[in-house]
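Student: Pasting a structure here, questions to come.
Every number here is computed from the coordinates shown, using simple stated rules; none is lab data. Note that the coordinates shown come from a computational prediction; the quantities given were computed from them, not determined experimentally. Using ideal geometry, Cβ is built from the backbone for each residue, glycine included, and neighbour counts are taken over all protein chains shown.
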Amino acid sequence: MDLLLVLLGFTCMIIGVLGSFLPVIPGLTSCWVGLLLLYLTKAVENNYWILGITLLLTIIITVLAYTIPAKGTKRYGGSSYGVWGTNIGLIVGIFAPIPFGFIIGPFVGAFLGELIYDSKNHQRALKAATGSFLGFLASSFINFMFCIVFFGLFLTIVWQHKSLLF
């Protein structure tokens, strides 16, 4: 049973690292579930501090991942229309059957939102859309870094308990 939990946890870790770039897959949440599965084995004693702290980090980073692109739009001179366009574009981009829709969606959404706000100022709309794209890249990078940290923690714990797990 322990081997099955470790393999499922490892699978969650791999999915989580991939999901840190694909908004369709909850990357950091998958990594946290991988850690939880590891701690459910009989070989690894429960450490509620690690699970609690990593859960808190997971919640904070997940919320930030959805707010950073909108903040990027605002920082680059976008209006509330651009922020709403970013959020709507992210949702549409996730479900649109086009390659890289999750990247294109917020950019186009912010651009269109700014054009609705001020149809004559294309330069401002493009600048706000660029802020949305940079915000998406920043949130993806943060998500990826935390996934790598969680994966490293997982591998360290498995290595420390390898004689009991395998």
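Student: Hey, in the GNM for the chain with a 10 angstrom Cα cutoff, which one of Thr62, Thr11, Thr130 fluctuates hardest?
Tutor: In this elastic network of the chain, the residue with the biggest mean-square fluctuation among Thr62, Thr11, Thr130 is Thr11.
Student: Okay, moving on. Taking springs between alpha-carbon atoms closer than 10 angstrom, which of Val17, Val92, Val63 fluctuates most in the Gaussian network model of the chain?
Tutor: Val63
Student: In region 15-151, if the dipole is taken from +1 on Lys/Arg beta carbons and -1 on Asp/Glu beta carbons about the Cα centre, which of Pro106, Ser30, Ala43 is farthest to the positive end?
Tutor: Highest projection toward the positive end goes to Pro106.
Student: Can you sort Phe111, Phe151 so the residue with the fewest Cβ neighbours within 10 Å comes first?
Tutor: Values: Phe111 25, Phe151 19.
So the ranking, lowest neighbour count to highest, is Phe151, Phe111.
Student: Straight-line reach from Lys162: which lysines have a Cα under 22 Å away, not including same-chain ones fewer than 8 places off?
Tutor: Here the lysines satisfying the reach criterion relative to Lys162 are Lys42.
Student: Which semi-axis lengths, in whole Å and largest first, follow from the square roots of five times the eigenvalues of the Cα gyration tensor of the chain? Numbers along the way, then the final one.
Tutor: On the way: eigenvalues 316, 37, 20 Å².
Listed largest to smallest, the semi-axes of the chain are 40, 14, 10 Å.
Student: Using DSSP loop states and a limit of at most 11 other Cβ atoms within 10 Å to flag trypsin sites (Lys or Arg not before Pro), what is the longest stretch of the chain containing no flagged site?
Tutor: Details: sites that count: Lys42, Lys120.
Answer from the scan: 43-119.
Student: Can you spot the aspartates and glutamates whose alpha carbon is less than 20 Å from Lys127's alpha carbon? Ignore those fewer than 8 places along the same chain.
Tutor: Cα-Cα hits under 20 Å: Glu114, Asp118.
Student: Taking the dipole about the Cα centre of region 2-165, with the C-beta of Lys and Arg at +1 and of Asp and Glu at -1, give me whichever of Trp159, Gly131, Ile94 is farthest to the positive side.
Tutor: Among Trp159, Gly131, Ile94, the one farthest towards the positive end of the dipole of region 2-165 is Gly131.
Student: Can you check what the net charge comes to around Ala110, using other residues whose Cβ is under 15 Å from the Cβ of Ala110 (Lys, Arg +1; Asp, Glu -1)?
Tutor: On the way: positive: Lys71, Lys74, Arg75, Arg124, Lys127; negative: Glu114, Asp118.
Once all neighbours under 15 Å are counted, the net charge is +3.
Student: Can you tell which of Ser20, Ile53, Met1 lies farthest toward the positive end of the dipole of the chain, using +1 and -1 charges on the Cβ of basic and acidic side chains (Lys, Arg; Asp, Glu)?
Tutor: The residue sitting farthest along the positive end of the dipole is Ser20.
Student: Residue separation times 0.36 nm, minus the C-alpha to C-alpha distance between Ile50 and Leu8: what's the value?
Tutor: Working: separation 42, 0.36 × 42 = 15.12 nm, distance 1.92 nm.
13.2 nm is the gain from fully extending Ile50 to Leu8.
Student: If you don't mind, another one. Once you charge only the Cβ atoms, +1 for Lys and Arg and -1 for Asp and Glu, what is the size of the charge dipole of the chain about its Cα centre, to the nearest 20 debye? Walk me through the intermediate numbers first.
Tutor: Numbers: 8 positive and 4 negative charges, 83 e Å.
Once rounded to the nearest 20, the dipole reads 400 debye.
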